[in-house]
Amino acid sequence: MTVGVILEKKGTDVATVMPDQSVLEVSQKLAELKIGAIVVTSEPGVVAGIVSERDIVRVIAEKGAATLNLPVCDVMTEKVVTCEPGETINDLMEKMTAGRFRHVPVVKDGKLVGIVSIGDVVKMRIQEIETEAGALKSYIASA
Ligand code: AMP
């Protein structure tokens, strides 16, 4: 099972913000879209960073409410781990576990083509396990 299969199901839309947008604007967008992280792009399709709720909470804890007026590039993670559509879900889970993050942008030929969250991965694994269990049950019943 590959990352591309997840994208076929969930679609390729990715919410993005510009590096100079304020942390307040980005927080509002995260709340409005009900998502936990957003990709920062300096030009369309080119990943410049990622910012998650955790980054915002951490900087508010350090600097207080003034954080809300900072540009998001001041709080984002710049070294973004990405994956490609052809990568397996197992490889993706290893990246998430090793890096301790729950979101991975999907990049093809240097361009952003999707994003996968830990929730997407868990949903896909459950479906896979249920399909396997169903196949085993009908095999046993027909034996
Ligand atoms: P998350 O678990 O995705 O909410 O993110 C936890 C931390 O990891 C935050 O500091 C994020 O900015 C960072 N982060 C999230 N996704 C990635 C990624 N794909 N590559 C690198 N850092 C990330």
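Each reported figure results from applying straightforward, stated rules to the coordinates on display, with no laboratory input. From a predicted model like this one, the values you see are computed outputs, not experimental measurements. No Cβ is skipped: glycine too gets one built from the backbone with ideal geometry, and neighbour counts run over all protein chains shown.
Computed quantities for the displayed model
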{"read-out": "Distance (nanometres) between label positions extended 7 Å along Cα→Cβ at Ser42 and Ala133", "value": "4.8"}
{"read-out": "Check: the chain dipole with +1 on Lys, Arg Cβ and -1 on Asp, Glu Cβ, in debye", "value": "340"}
{"read-out": "16 Å Cα-Cα reach of Lys34 towards lysines, excluding residues that sit fewer than 8 places from it in its own chain", "value": "Lys10"}
{"read-out": "Nitroxide proxy distance, nm - points 7 Å out along Cα→Cβ at Ile118 and Met18", "value": "3.3"}
{"read-out": "Helix-derived mean residue ellipticity, 222 nm - over the chain, DSSP H n ≥ 4, -39500 (n - 2.57), to 500", "value": "-14500 deg cm²/dmol"}
{"read-out": "Calculated FRET efficiency for the pair Ile126/Ile60, C-beta based, R₀ 30 Å, to 0.05", "value": "0.30"}
{"read-out": "Enclosed volume per residue, in Å³, of the convex hull spanned by Cα atoms of the range 23-114", "value": "101"}
{"read-out": "Model label zone, Glu8; criterion: amide N under 14 Å from point 7 Å along Cα-to-beta-carbon; scope the range 113-132", "value": "128"}
{"read-out": "Order of Lys63, Lys29 - criterion: other Cβ atoms within 10 Å of each residue's Cβ, fewest first", "value": "Lys63, Lys29"}
{"read-out": "Contact order relative to length of the chain, as percent, for alpha carbon pairs under 8 angstrom and 6 or more apart", "value": "27"}
